[in-house]
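Right, one structure below, let's go through it.
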Amino acid sequence: MKAFALPIILTLTLLPVLAEAADIRLKVKNATLGSERKGDTRKSQRQLAIEIDNRDREDYEGATIEWVVIARDIRNRKLSIASRGSKLIDIPADDEMEVTSSPYSFSKKEGEVREIKENRFRPDRPQFDVEPDSGTRYAGYIVVIKQGDDILAEAATAGMKKRMAPLLSKEKKK
């Protein structure tokens with residue numbers, strides 16, 4: 001008898017906690033605004049398009065949406081913050097809306113392959129000097145909607161919250 005009562009009691013005690021959670025879903029797109037090429041350098045300007053689907057019956061006024069765009073260095077694969085920002089928004093009940101981040105850009109310089117005439121070990125075969133690509137490329141995002149200290153919804157590229165945690169905590173301390 002006790003074995004059956006315990007799950008029922010736990011369910012009834014946890015039910016109010018689950019009922020209070022906000023039902024807001026986020027869909028994030030990395031939209032390209034345009035790109036420009038100057039010689040061997042290409043610059044791409046982008047913007048996050050964040051679709052917010054509030055399936056809750058409650059309005060959330062004065063909520064803050066925060067975003068962090070993450071870049072990866074092409075040569076050494078280190079992660080860095082390309083852009084970050086926030087906006088105050090009002091989220092209506094049972095409605096969908098779209099918020100866009102501020103524009104950010106990535107720059108890539110294409111590498112070069114040069115033939116070296118002098119190959120002292122094999123004069124019959126050419127030797128090449130390769131300069132690799134350099135610059136940054138898009139790696140991911142972290143989006144959080146907060147109201148006060150409560151987190152209403154969050155979305156992130158797989159694994160980015162954990163990998164960026166040390167870098168984000170350093171910047172908050174400054």
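What follows is calculated from the coordinates using simple rules that are stated; it is not laboratory data. Predicted, not measured: the structure shown is a model, and the values here were computed from it. Methodologically, a virtual Cβ is constructed for each residue, glycine included, from the backbone with ideal geometry; neighbour enumeration extends over all protein chains shown.
A simple spin-label model places pseudo-atoms 7 Å from Cα toward Cβ; at ALA155 and LEU88 they are separated by 2.5 nm.
For segment 22-162, the Stokes-Einstein estimate of translational diffusion at 4 °C and a viscosity of 1.567 mPa s comes to 73 µm²/s, using the Kirkwood hydrodynamic radius over alpha-carbon pairs. Please tell me which of these pairs span more than 24 angstrom C-alpha to C-alpha: LYS27/LYS78; LYS29/LYS87; LYS78/LYS108? Listed pairs above 24 Å: LYS27/LYS78. Within segment 66-97, what residues put their amide N at less than 16 Å from the label point 7 Å along the Cα-to-Cβ vector of LYS38? No residue qualifies, since no backbone N sits under 16 Å from the label point. Tell me the relative contact order for segment 22-162 as a rounded percent, counting alpha carbon contacts under 8 Å between residues six or more apart. Computed value for segment 22-162: 27 percent relative contact order. This ranking places VAL113, VAL144 by how few other beta-carbon atoms lie within 10 Å of each, fewest first, which gives VAL113, VAL144.
A simple packing score, the average count of other Cβ atoms within 10 Å per residue, orders the peptides 151-162, 74-85 as 151-162, 74-85, with the highest score first.
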